[in-house]
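Read through the structure below, which is laid out as structure tokens, and then see the notes.
Here, each number is a calculation from the coordinates, and none is a lab measurement. For clarity, every value in this text was computed on a predicted model and none was experimentally measured. Neighbour counts run over all protein chains shown; Cβ positions are idealised from the backbone, glycine included.
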Amino acid sequence: MSDRPKCPLRESDLSFIVDIEEDTGEVTIIVNCEFCGEYAGFMMNTHMTQKDFDVYKDVVLKKPRLWLVEITQEE
């Protein structure tokens, strides 16, 4: 089993919360520390919707497809 990424402030495990943007339907991944409450983290927008994921429902990929993500700082 591998180690999880750590909070830069408290060295506790970071949380990765998968969510869907209400306006666009795009899947986002919010990275923060739920333990210390001080590290706000950031959000990664995958620019993929459920429809994009459904394209691969019957396909087993030999290797992962590369997707560009946008990382934004939460305020």
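Observations on the structure shown:
- Simple rule: put +1 on each Lys or Arg Cβ and -1 on each Asp or Glu Cβ in the chain, find the dipole, and look at VAL60, LEU9, ILE20; the Cα lying farthest toward the positive end is VAL60.
- A Cβ-based charge dipole, computed about the Cα centre of the stretch 3-64 with Lys and Arg at +1 and Asp and Glu at -1, lands at about 400 debye.
- Charge dipole of the chain about the Cα centre (unit charges at C-beta), most positive-ward option of THR72, THR46, CYS33: THR46
- Net charge of the neighbourhood of LYS51, taken over other residues with C-beta under 12 Å away and scored Lys/Arg +1, Asp/Glu -1, is -2.
- 5 angstrom amide H check on CYS36, placed H, neighbours 5+ away: none
- By other beta-carbon atoms within 10 Å, ranking THR46, THR28 with the fewest at the front produces THR46, THR28.
- Computed from phi, the 3J(HN,Hα) profile of the stretch 7-16 under the Karplus parametrisation 6.51, -1.76, 1.60 (θ = phi - 60°) reads 5, x, 9, 10, 6, 8, 4, 6, 9, 10 Hz, with x in place of Gly and Pro.
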